[in-house]
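Taking it in order: structure first as C-alpha cells, then the write-up.
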Amino acid sequence: MNTHSFAVALLAALLAVLTLASSAWAECAWVLWEFRQDRQKDQPPTSEWMIVRAFPEESACRSLAKKKLDDEEAVSRKMPRGLVLRDTDDDSVRADLKLYDRRLLRLYRAVCVPAPLDPREPKGGGR
C-alpha cells in the first residue's frame with residue numbers, strides 16, 4: 001500500500017467514525033445537567049455544572065433527574081439539624097434542592113434541556 005492509498009483509507013475511516021458519532025448524538029435530544037453549589041460560613045461559595053447523560057426522549061431524562069434528586073435528598077436528610085426544601089418547575093424541567101444546617105447551604109439542581117441548549121449560559125441577549 002503506498003502513502004496515497006493509506007491516506008485515502010485513513011481519511012475514509014475517520015469520516016465514517018465522525019458520521020456515526022454525529023448520528024448517535026443526534027438521537028440524543030435531551031441532556032441532563034447537574035448543578036451543585038455549596039456555601040459554607042466564612043468561605044467563598046463553590047459551584048459546578050456537569051453533564052450527567054444524554055437521552056433520546058424527554059421522559060427518560062426527567063425520570064433520571066427525579067431519581068438523582070430523590071437520592072440527593074435522602075442523603076441530605078441524614079444531616080444533623082438539616083432542612084431540605086424542594087421546588088420543582090415542570091415547565092423548565094428543573095428541580096431545586098436546598099439543604100441547610102448551621103454551617104452549610106447547598107443548592108442542587110437537575111435540569112433537562114434540549115441537546116443544543118446550555119443551562120450555564122445567561123438568559124437574554126443584553127450586553
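Summary table below
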| read-out | value |
| --- | --- |
| Long-range amide H partners of A29 with built H, under 5 Å | F55, E57 |
| Modelled FRET efficiency - R0 22 Å, I51 with L104, Cβ distances, 0.05 increments | 0.30 |
| Packing rank of 50-60, 107-117, where each peptide gets the mean count of other beta carbons within 10 Å, highest leading | 107-117, 50-60 |
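None of the figures in this text is laboratory data; all of them are computed from the coordinates on show. Because the structure is a prediction, the values reported are computed rather than measured. Using ideal geometry, Cβ is built from the backbone for each residue, glycine included, and neighbour counts are taken over all protein chains shown.
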